[in-house]
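The values are calculated or read from the model by the stated rules, or taken from the named source; none is laboratory data. Keep in mind the model is a prediction, meaning the values are calculated, not measured. Neighbour counts are summed over all protein chains in view; Cβ atoms, including those assigned to glycine, are modelled from backbone coordinates with ideal geometry.
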Amino acid sequence: MKTNLLTIGLGLLLLSACNSTSKNVQTDLIADNVAFAEKQIGHQVKLIEESGKILNPRTVKNDKIQYVPIDDWTSGFFPGSMWYMYELTGNEKWKNLGTKYTEDLDSVKFLTWHHDVGFMINTSYGNAYKATKNEAYKDVMIQAAKSLATRFRPTPGVIQSWDEDRGWQGTRGWMCPVIIDNMMNLELFFEVTRFTGDSSFYKMAVSHADVTLENHFRDDYSCYHVIDYDKIKGGVRHKHTAQGYAHESAWARGQAWAIYGFAVCYRETKDPRYLELTDKIYNYLFTHKNMPEDLVPYWDFDAPNIPNEPRDASAAAIIASALYELSTFGKPEYKETADKIVASLSSPAYRALLGTNGNFLLMHSVGSIPHGHEIDVPLNYADYYFLEALLRKKEIEKP
Ligand code: GLY
């Protein structure tokens, strides 16, 4: 009996030592990434500050950093990364930079010519408001939600992503194209519902999510990129792609937007249908024969030359961040998957060397292969969701 108790005691001691070692390794991984990001993004900021302008870096082309105007769909990610650096380090330097780069986007709140105003304002002003509780930021978010609401089409019940003559549709003759990415705009509507008590924003978000759930998914729970609706009569006109390999293929970042977007919808509504959908998307992704061992997907699950196809680190970062959130909704095993993705992204295979990669954190993302645009490059949104994933991981692992 005595020996047994001793054995059990020793066993428990060993187990707890193992757990704390694995926790330390995880914590070190966060600390190591944050220390790297401080320096790498520090270089990026130094270049911008030295220019005397406010510049918004998106990617690298022909070895040159590409900066974007404020109406580009990615303009919120760099300011948003400043806020994540502030949260990860507590260093006021990042707060001041976050304030400066965020406030440069003020007029985006009036943007109505595409749907991405939700993305742009929530990643910049949304994070700024969370960090500072500055009431003026709320007003910007409310105006942005009003601008986004101008794109809601009541008959099909969705927010129109692109105008008929703008976007990446070419000559396809779409009437009311809705891309799966649009799920990411809904968070702004949920936030603004809380600010204003105006339930019309909530209703538009839920309608968009429900119609997307109904039409965007295939039987295997992969999703289409573009669903074109009839905005006069309602109903689906086309099920297409713009950035994927084919209409019937599964574009990797589209699957990432889907699982992230429906995780947000579950958080905000507690509707179990949304959580069930995220489980099904998870199963699609992580049982797929073309999901690589390191869990950083190829740019499209059906790309023709796998394994000789580019990976998309941005899709991996978005999925990891979504899985950390989902792990807190009764799916603790999702954290292990997210940890594995973050470990891959933190390895030299994806994380850049200091001072290289245009001062972006991650290498190997893809913008749009069918358009020959941004192939195997760094992207500001890969970095943003990587930092978000690190922050969520840190929160979850807090003692
Ligand atoms: N929202 C555009 C993209 O994911 O490329």
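Contact map, region 382-399: residues that are closer than 12 Å to residue 87 by Cβ paired with residues that are surrounded by fewer than 24 Cβ atoms within 10 Å (Cβ to Cβ) and of a type outside the set (D, E, K, R), Cβ distance under 6 Å, separation 6+ or inter-chain. Pairs shown: 390/30; 390/33; 391/88; 394/30. Inside region 277-298, residues that are surrounded by fewer than 14 Cβ atoms within 10 Å (Cβ to Cβ), without any contact (Cβ under 8 Å) to a residue 40 or more places away in the chain and not basic (Lys, Arg) make up a count of 2.
Being of a type outside the set (Gly, Ala, Ser), more than 17 Å from the chain's Cα centre (by Cα), modelled with pLDDT of 95 or more and buried (at least 20 other Cβ atoms within 10 Å of the Cβ), is that true of even one residue in region 359-366? Looking through region 359-366, at least one residue is of a type outside the set (Gly, Ala, Ser), more than 17 Å from the chain's Cα centre (by Cα), modelled with pLDDT of 95 or more and buried (at least 20 other Cβ atoms within 10 Å of the Cβ). Scanning for something within 14 Å of the ligand (Cβ to nearest atom), in contact with a helix residue (DSSP H, G or I) (Cβ under 9 Å, 6 or more places away or on another chain) and not aliphatic (A, V, I, L, M), does region 266-279 turn up at least one residue? The answer is no, given that none of the residues of region 266-279 is within 14 Å of the ligand (Cβ to nearest atom), in contact with a helix residue (DSSP H, G or I) (Cβ under 9 Å, 6 or more places away or on another chain) and not aliphatic (A, V, I, L, M). Only residues that are surrounded by 20 or more Cβ atoms within 10 Å (Cβ to Cβ) and of a type outside the set (Val, Ile, Thr) were counted in region 115-138, giving 13. In the set (1) away from the ligand (no atom under 16 Å from the Cβ); (2) buried (at least 16 other Cβ atoms within 10 Å of the Cβ); (3) closer than 23 Å to residue 214 by Cβ, the condition left unmet by residue 345 is number (3). Do the conditions hold for residue 311, that is, is it within 16 Å of the ligand (Cβ to nearest atom), basic (Lys, Arg) and surrounded by 15 or more Cβ atoms within 10 Å (Cβ to Cβ)? Taking the combined requirement at face value, the residue satisfies it.
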